[in-house]
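Asks: First the structure, then my questions, so here it is.
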Amino acid sequence: MIKLVQWIKACNLDQVKEGQLFGFSHNDKKILMANQKGKIHATDLICTHADADLSTGFLSDEGVRCPLHLSVFNLENGQPQNLPAEIPLKVYNVKIDQDEIYVEI
Ligand code: FES
């Protein structure tokens, strides 16, 4: 089966400055953009434990911390670092072109 991939525009580079989080929707996908020490990451926006919006969480060197029950997710691989979340977030490829950020979904 052919896997259909698509690059979509997430936001402009200045919408997710270092240390910031940015959430957006594209059709039924909800995506989190995170700028961790100057590197842009894209993951699922909604926590895998319950229905919490990770863009309202906290970004640190360890990853993004869910605002509801405080699981931290690694942004490279989506893995939760502590309970209660046990399921990884999906991570997405990111590219930057002319100050615009694109995500491969
Ligand atoms: S909703 Fe995120 S850890 Fe519970």
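Asks: Could you figure out which of (1) within 16 Å of the ligand (Cβ to nearest atom); (2) buried (at least 19 other Cβ atoms within 10 Å of the Cβ) isn't true of Val16?
Replies: (1)
Asks: Please work out which residue is farthest from the ligand (Cβ to nearest atom), limiting yourself to the range 48-68 and to residues that are within 11 Å of the chain's Cα centre (by Cα) and touching a residue at least 40 places away in the same chain (Cβ under 8 Å).
Replies: So, considering only residues that are within 11 Å of the chain's Cα centre (by Cα) and touching a residue at least 40 places away in the same chain (Cβ under 8 Å), the one farthest from the ligand (Cβ to nearest atom) is Leu59.
Asks: Can you find, within the range 73-88, the residue that is farthest from the ligand (Cβ to nearest atom) among those that are over 13 Å from Leu32 (Cβ atoms) and buried (at least 19 other Cβ atoms within 10 Å of the Cβ)?
Replies: Restricting to residues being over 13 Å from Leu32 (Cβ atoms) and buried (at least 19 other Cβ atoms within 10 Å of the Cβ), the top hit is Pro80.
Asks: Moving on. Any idea which of Lys95, Lys37, Lys30 is within 16 Å of the ligand (Cβ to nearest atom) and basic (Lys, Arg)?
Replies: Lys30
The numbers here are math on the coordinates, done by the rules we state, and not lab data. A quick note: this is a predicted structure, and the numbers were derived from the prediction, not measured. Glycine also receives a Cβ, built like all others from the backbone with ideal geometry; neighbour counts cover every protein chain displayed.
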